[in-house]
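The values are calculated or read from the model by the stated rules, or taken from the named source; none is laboratory data. From a predicted model like this one, the values you see are computed outputs, not experimental measurements. Virtual Cβ from ideal backbone geometry, glycine too; neighbours counted across all protein chains shown. Heads up: the accessible areas ignore ligands, DNA and RNA and are worked out on the full protein's heavy atoms, side chains in. Shrake-Rupley method; radii C 1.70, N 1.55, O 1.52, S 1.80 Å.
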Amino acid sequence: MKVYFVMKNGYPNGLASVARVKSYSLGFKNNGIESEVILPVSSEKYGIHPKNTQACGIDENGVHFHYSSGSATRKSNVFKRLVSDIYGYTKTLIYILKKSKKDDVIVAYEGGVLWMGLLALCCHIKQTPIAMELNELPFGMSNETWKCRYKRLLMLNLVFPLYDYFFAISTSLANLAKEYSPKSKIIKVPIIVENKMEGEDWQDAPKYLFHSGTLSEQKDGILGMLQGFGIACQEMPDEDLYYFMTGTLETSPVAKEMLSIIERYKIKERVVFFGFLNATELRKYQKNCILTIINKHKTQQNTYCFSTKLGEYLYFARPVLTTAVGESTNYLIDNNNAYVIPPENNVREIANKIVYAVKHPKENRTIGQKGHELTETVFNCDYQTKRIYNFISNAR
């Protein structure tokens, strides 16, 4: 069996979905199963410093990837970009028709209704099983407009029934797949973590919190995190404590609100924005922080999804402060293997947990170690990919 991941994203550098595909492919490799990543269209915007530059190559885990369009960078001209996209999509379908076999599996990521439907039909023609990696509510990441609801309706009713398998990241998503594709085979695969991540030990590191998600209020609750940090700093004026964040303040949709909080609590010198970090730099900051916060609000998106970066922090035994929302509540216990607080009106709770983590370093480390144990078992990529292999083998 060979696994082909087809994803509309940048690779090998990217955000949550890229990290998840890397964990999948490494786990399959460790279980003796070959995998490959196919990217139908270019991902990097013209004129912006790209995260990815190679049209094809091999990632750090030895997995081959290639852009079907022939380039990682999108065209500047709208017409040329459209032609390039059509070429990339078409070439991907032809590649699958030529290369895939009946005992292989195609795993689809991130696509619109038309593309996900065409990809499934192509696999049916070749009689190659196709799976959908279901890690978000379809079209549930933006504001809930009529257009989003319409696209979701088409995806659920027209596309879901075309798929043979679903890899669902949460119980909510597994139930959704079961409702709209009752004949398909469904397996729940929670967040998964590579079992060989390395991070540099930072000698004499400052005492800091770290955030590697979006600077978004809707998805990551950034304003409450920042305000809780400000309150904690006021209550510990003698502590030299920092908050390091990826991303740039200027591009945040809530930049004005963040600046207002920074000024109100006088923490300008304590909050540092790094922009994009490569894998080596990211692991260093993840490994050496004293605490990370994943402040998920109780929204439709967060109810269905499961934060990938949670697994990365747990791997490095970094204590995680998160909210009692969604799938994580099935694994995390407050003051045992994480800090868990209510999802709404929780700024005071965030501040209290930050103060506790700073004032009780021994207990804080113990919580981090307890959280790490999840990455050796249920969140381990080798364990989960072996489950998937057995699941597919038994379903055929």
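Can you tell me how many residues in region 259-281 are under 13 Å from residue 227 (Cα atoms) and in contact with an Asp or Glu (Cβ under 9 Å, 6 or more places away or on another chain)? Show your work before the answer.
Residues of region 259-281 under 13 Å from residue 227 (Cα atoms): 259-268, 270-271.
From the residues that got through so far, the ones that are in contact with an Asp or Glu (Cβ under 9 Å, 6 or more places away or on another chain) too are 270.
Adding up the residues that qualify gives 1.
Of the conditions (1) in contact with a strand residue (DSSP E or B) (Cβ under 6 Å, 6 or more places away or on another chain); (2) among the aliphatic types (A, V, I, L, M); (3) not in a loop (DSSP other than H, G, I, E, B), residue 350 satisfies every one except a single condition; which number is it?
Looking at each condition in turn, residue 350 falls short on (1).
Looking only at region 351-396, filter to residues that are of a type in the set (Val, Ile, Thr) and touching a Gly at 6+ places or on another chain (Cβ under 7 Å); which one of those is nearest to residue 229 (Cα to Cα)?
Among those residues, the one meeting the criterion is 354.
Can we say residue 184 is among the small types (Gly, Ala, Ser) and at pLDDT 95 or above? Show your work before the answer.
Numbers: among the small types (Gly, Ala, Ser): yes; at pLDDT 95 or above: yes.
Criteria met by residue 184.
If I ask for residues that are farther than 24 Å from residue 307 by Cα, assigned to a loop (DSSP other than H, G, I, E, B) and open to solvent by 30 Å² or more (accessible area, probe 1.4 Å), which ones from region 121-142 would you list? Steps first, answer last, please.
Residues of region 121-142 that are farther than 24 Å from residue 307 by Cα, as a first pass: 121-130.
With assigned to a loop (DSSP other than H, G, I, E, B) added as a condition, the list becomes 127-129.
Within region 121-142, just 127 meets the criteria.
Tell me the residue from 347, 358 that is surrounded by 13 or more Cβ atoms within 10 Å (Cβ to Cβ), in contact with an Asp or Glu (Cβ under 7 Å, 6 or more places away or on another chain) and within 22 Å of residue 289 (Cα to Cα), please. Explain how you work it out, then say what you get.
Values: 347 fails: in contact with an Asp or Glu (Cβ under 7 Å, 6 or more places away or on another chain).
Result of the check over 347, 358: 358.
Being of a type in the set (Ser, Thr, Tyr) and not in a helix (DSSP H, G or I) is the filter here; which residues of region 1-41 pass it? Outline the logic, then answer.
The first filter runs over region 1-41 and keeps only residues of a type in the set (Ser, Thr, Tyr), leaving 4, 11, 17, 23-25, 35.
4, 11, 35, listed by residue number.
Out of the residues in region 42-91 that are among the hydrophobic types (A, V, I, L, M, F, W, C) and touching a strand residue (DSSP E or B) at 6+ places or on another chain (Cβ under 7 Å), state the one that is nearest to residue 6 (Cα to Cα). Steps first, please.
Looking only at region 42-91, we keep the residues that are among the hydrophobic types (A, V, I, L, M, F, W, C), and these are 48, 55-56, 58, 63, 65, 72, 78-79, 82-83, 86.
Next, from what is left, pick out any that are touching a strand residue (DSSP E or B) at 6+ places or on another chain (Cβ under 7 Å): 55-56, 58, 63, 65, 72.
Values: 55: 15, 56: 14, 58: 16, 63: 13, 65: 10, 72: 15 Å.
By that ranking, first place goes to 65.
Can you name the residue in region 316-348 that is among the charged types (D, E, K, R) and either farther than 29 Å from residue 202 by Cα or modelled with pLDDT under 95 (or both) and, of all such residues, is farthest from the chain's Cα centre (by Cα)? If you could, list the steps in order and put the result at the bottom.
Our first condition is that a residue be among the charged types (D, E, K, R); within region 316-348, this holds for 318, 327, 334, 344, 348.
Then keep just the ones that are either farther than 29 Å from residue 202 by Cα or modelled with pLDDT under 95 (or both); that gives 318, 327, 344, 348.
On the way: 318: 18, 327: 14, 344: 23, 348: 28 Å.
Step by step, filter region 316-348, then rank; the result is 348.
Any chance region 312-322 includes a residue that's of a type in the set (A, V, I, L, M, F, W, C) and closer than 20 Å to residue 349 by Cα? Even if it seems obvious, please write down each step before you answer.
Of all residues in region 312-322, those of a type in the set (A, V, I, L, M, F, W, C) come to 314, 316-317, 320-321.
Now narrow it down to the ones that are closer than 20 Å to residue 349 by Cα: 320-321.
Yes, the conditions are met somewhere in region 312-322.
With the condition kept exactly as written, say whether any residue in region 77-100 is in contact with a helix residue (DSSP H, G or I) (Cβ under 8 Å, 6 or more places away or on another chain), assigned to a helix (DSSP H, G or I), open to solvent by 10 Å² or more (accessible area, probe 1.4 Å) and within 17 Å of residue 181 (Cβ to Cβ).
no
Suppose the filter is open to solvent by 10 Å² or more (accessible area, probe 1.4 Å), in contact with a Leu (Cβ under 8 Å, 6 or more places away or on another chain), among the aliphatic types (A, V, I, L, M) and in a helix (DSSP H, G or I); does residue 118 pass it? Even if it seems obvious, please write down each step before you answer.
Details: open to solvent by 10 Å² or more (accessible area, probe 1.4 Å): yes; in contact with a Leu (Cβ under 8 Å, 6 or more places away or on another chain): yes; among the aliphatic types (A, V, I, L, M): yes; in a helix (DSSP H, G or I): yes.
Against the criterion (open to solvent by 10 Å² or more (accessible area, probe 1.4 Å), in contact with a Leu (Cβ under 8 Å, 6 or more places away or on another chain), among the aliphatic types (A, V, I, L, M) and in a helix (DSSP H, G or I)), residue 118 qualifies.
Here is a yes/no grid of residues against (1) surrounded by fewer than 20 Cβ atoms within 10 Å (Cβ to Cβ); (2) touching an Asp or Glu at 6+ places or on another chain (Cβ under 9 Å); (3) not basic (Lys, Arg):
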{"position": "103", "(1), (2), (3)": "yes, no, yes"}
{"position": "107", "(1), (2), (3)": "no, yes, yes"}
{"position": "110", "(1), (2), (3)": "yes, yes, yes"}
{"position": "114", "(1), (2), (3)": "yes, no, yes"}
{"position": "151", "(1), (2), (3)": "yes, no, no"}
{"position": "154", "(1), (2), (3)": "yes, no, yes"}
{"position": "172", "(1), (2), (3)": "yes, yes, yes"}
{"position": "178", "(1), (2), (3)": "yes, no, no"}
{"position": "186", "(1), (2), (3)": "no, no, yes"}
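List every residue pair whose Cβ atoms sit under 6 Å apart, with the two residues 6 or more apart in sequence or on different chains, where the first one lies in region 286-305 and is under 22 Å from residue 240 (Cα atoms) and the second, anywhere, is acidic (Asp, Glu) and open to solvent by less than 30 Å² (accessible area, probe 1.4 Å).
286/312
List pairs: first residue in region 361-377 and within 12 Å of residue 319 (Cα to Cα), second residue among the basic types (Lys, Arg) and surrounded by 13 or more Cβ atoms within 10 Å (Cβ to Cβ) anywhere in the structure, Cβ distance under 8 angstrom, at least six positions apart or on different chains.
368/318; 371/318
Would you list the helices (runs of 4 or more DSSP H) that sit entirely within region 180-274 and hold 1 or more residues that are farther than 26 Å from residue 301 by Cβ, in contact (Cβ under 8 Å) with a residue 24 or more places away in the chain and out of contact with any strand residue (DSSP E or B) (no Cβ under 8 Å at 6 or more places or on another chain)?
On the way: elements: 217-220, 222-235, 255-264.
Result: 222-235, 255-264.
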